[in-house]
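Remarks on the structure that follows.
The values are calculated or read from the model by the stated rules, or taken from the named source; none is laboratory data. What you are looking at is a predicted structure, and each value in this text was computed from that prediction instead of being measured. Here the Cβ positions follow ideal geometry from the backbone for every residue, glycine too, while neighbour counts run over all protein chains shown.
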Amino acid sequence: ELNPESTTSNSQEIRTESSTEISFVEKGDKEIEKQGEEEIDASHLTSPSTTQEDVTEVASGENLETSTRADDGNSDTTETSPLVVDLSTTGSTILSESVTTTPKPFYHKTIEHLVKVVEENILSEYTVTEPSVITTTSAQPESNVSEARLDRLSDQIRAIISHYQKYGVVTVPDADIPDPMEVPDVKRTFGGIPATFTTMQMYGLSNFTIAHINTDLNKMQVYVSVLMKQLMIIGNYSARYWMSRASGPFNVTLLDVETSGAAELQRTEDGTLQASESEMDMSFRDAIVDFKNMGLIGSILQGVLASAAPVLFEAIKPTVLLQINDRIREDLNCKLKKIGHRLAVTGTRPPLDAAEEEARAYLLENGYDPYRVKDFSIRQNVFTINITEFILKGLSNFHRVGEAVLAMDEGIVQIGLHVAALDLKGRCRWGVGIGKNFRRGGYTNVTIDHIQIRALINQSLDIKTKPKLDNLDINVGKIKMNMDGAGRFDIIVEVMVNSLPDIIRHILVDGIEEPLKYKIQQLLNKIEPEVVLEKSLPELDNLEL
């Protein structure tokens with residue numbers, strides 16, 4: 001296709017190529033069918049008409065009017081050149097008439113033939129094609145698709161896990177963090193020398209690793225610690241000292257930068273959760289400073305500006321943290337709004353509530369409520385105490401208490417639950433003895449104020465490994481006993497019977513803790529983290545996260 005710039009260059013450069021145009025005119029003369037002096041109607045012909053004399057006149061540079069207008073800078077070639085390119089149409093090259101033809105026009109057999117001759121002899125030498133415009137547009141949609149996929153929370157989780165499996169560090173590939181980030185200008189005084197820092201940009205914010213995450217689901221708070229090996233600040237500086245002045249580029253490299261922040265979720269008037277302003281801070285271990293073009297006062301500035309890193313860092317830190325905070329809070333609030341709306345529409349229960357209900361059903365269906373506590377016997381010197389036929393009811397009637405732990409430390413996800421079963425009832429047979437001949441015994445009803453269980457489970461981000469039970473703690477509350485068959489106690493037997501609550505507490509802890517640990521780990525060994533993940537992530541997609 002033709003462009004206006006090539007048309008203008010044709011009208012000016014054609015004067016130097018006289019031999020080419022003359023040969024073209026000779027070709028046209030052989031194909032002339034008739035000559036006339038009548039004026040050409042532009043509505044019937046789209047090809048300009050000119051004579052050999054006109055073309056020769058243009059080629060030899062005798063058209064003073066055209067030359068004068070070109071010198072004046074007028075870019076409208078349709079009024080100065082006899083042969084004009086019409087750019088009003090696309091898809092084909094059409095030649096149109098813009099001025100009155102001379103008395104001796106010449107004609108070709110067809111309009112198409114004239115266009116072909118013009119393209120082969122003149123326009124092919126000046127027409128500029130731009131194939132690069134076509135080739136550079138095909139890659140853009142593919143890039144957009146990739147970014148759109150990473151916008152989904154499920155794909156971000158997959159990317160985090162894949163990166164951890166390869167490199168052993170926790171990061172968010174293609175995180176939506178501005179990098180580089182523009183930094184506002186700063187004016188500071190160092191040792192009496194005023195300095196101005198302008199056109200600054202900070203590089204490296206997206207190259208971070210997540211060191212620690214801790215949550216408090218009861219208070220709806222989250223704490224995050226992020227590490228960056230280095231951040232680089234690049235810009236220009238200017239400084240004055242007495243009658244001297246120094247200016248030029250500079251860069252400050254911050255090493256081992258740690259950023260930490262705490263955010264809290266608050267419920268709005270319409271019932272949705274929204275993230276509040278987070279408290280963030282940033283610190284670094286060391287810095288490298290490099291200033292160029294210090295000139296004559298370089299020795300003075302070198303020592304003074306060596307302390308510029310902490311001052312400059314403290315000056316730009318509020319702006320950097322504000323931009324990061326706004327970006328994270330905006331993205332988090334958008335996702336929270338989608339979650340709340342989707343759960344309200346679908347009626348989906350929170351995951352912890354669903355897991356709690358499944359655990360209750362499991363205890364009932366597998367014979368753990370009522371629970372048969374193993375027999376216990378203790379013998380010390382001539383004294384003997386036996387607890388047998390101990391049945392405990394109410395373990396399946398538990399609820400979540402305290403805080404639910406959800407944390408991550410160096411790639412290990414920690415999930416902790418604190419549950420309690422209240423007002424449990426039980427009955428057991430007891431017996432005490434002294435030597436071989438003295439025995440006392442009977443049945444007792446047992447009431448336990450509560451049994452609390454804290455469990456902590458670890459799962460590596462390398463989902464090829466199984467989850468592991470890290471800790472299990474059991475706390476038994478106050479125990480009340482109502483004994484049958486005790487009869488008259490002598491002093492020694494009474495002391496032994498009064499110790500039964502403590503013994504039962506020990507029996508419960510010992511009888512529940514070890515079997516419970518074994519059973520929990522047995523259940524965890526059956527879990528395939530990869531399968532669970534692939535089944536759970538589509539649910540996030542259904543929430544449009």
Yes/no for ALA359 being on the phi < 0 side of the Ramachandran plot, assigned to a helix (DSSP H, G or I), at pLDDT below 85 and not β-branched (Val, Ile, Thr) | no
Please work out if LEU422 is buried (at least 16 other Cβ atoms within 10 Å of the Cβ), in a strand (DSSP E or B) and at negative phi.
-> no
All positions within the stretch 390-409 that are more than 13 Å from LEU508 (Cα to Cα), out of contact with any helix residue (DSSP H, G or I) (no Cβ under 9 Å at 6 or more places or on another chain) and modelled with pLDDT of 85 or more | GLY394, ALA407, MET408, ASP409
Of the residues ARG454, ARG429, which single one is assigned to a strand (DSSP E or B) and over 22 Å from ARG360 (Cα atoms)?
-> ARG429
Index of the failed condition, ASN236 passing every other in (1) polar (S, T, N, Q); (2) at pLDDT 90 or above; (3) surrounded by 14 or more Cβ atoms within 10 Å (Cβ to Cβ); (4) in contact with an Asp or Glu (Cβ under 9 Å, 6 or more places away or on another chain) = (4)
Between a first residue in the stretch 317-338 that is surrounded by 13 or more Cβ atoms within 10 Å (Cβ to Cβ) and a second residue that is at pLDDT 80 or above, which pairs have beta carbons less than 6 Å apart while being 6 or more apart in sequence or on different chains?
-> LYS317/MET282; THR319/PRO184; LEU321/MET280; ASN325/MET280
Meets criteria (touching a Gly at 6+ places or on another chain (Cβ under 8 Å) and surrounded by 15 or more Cβ atoms within 10 Å (Cβ to Cβ)) for VAL446 | yes
Tell me, which residue of the stretch 298-333 that is modelled with pLDDT of 80 or more and among the β-branched types (Val, Ile, Thr) is farthest from TYR241 (Cα to Cα)?
-> ILE324
Within the stretch 252-273, work out how many residues are of a type outside the set (A, V, I, L, M), surrounded by 14 or more Cβ atoms within 10 Å (Cβ to Cβ) and modelled with pLDDT under 75.
-> 1
Determine which single condition TYR241 fails, assuming it passes every other condition in (1) in contact (Cβ under 8 Å) with a residue 40 or more places away in the chain; (2) within 28 Å of the chain's Cα centre (by Cα).
-> (2)
Does the stretch 186-193 contain any residue that is under 29 Å from LEU540 (Cβ atoms) and buried (at least 18 other Cβ atoms within 10 Å of the Cβ)?
-> no
Looking at the stretch 277-284, is at least one residue surrounded by 13 or more Cβ atoms within 10 Å (Cβ to Cβ), among the polar types (S, T, N, Q) and assigned to a loop (DSSP other than H, G, I, E, B)?
-> yes
Within the bounds of the stretch 220-231, is there any residue that is within 16 Å of VAL289 (Cβ to Cβ) and touching a Ser or Thr at 6+ places or on another chain (Cβ under 9 Å)?
-> yes
Any idea which of VAL252, VAL226 is without any contact (Cβ under 8 Å) to a residue 40 or more places away in the chain and not aromatic (Phe, Trp, Tyr)?
-> VAL226
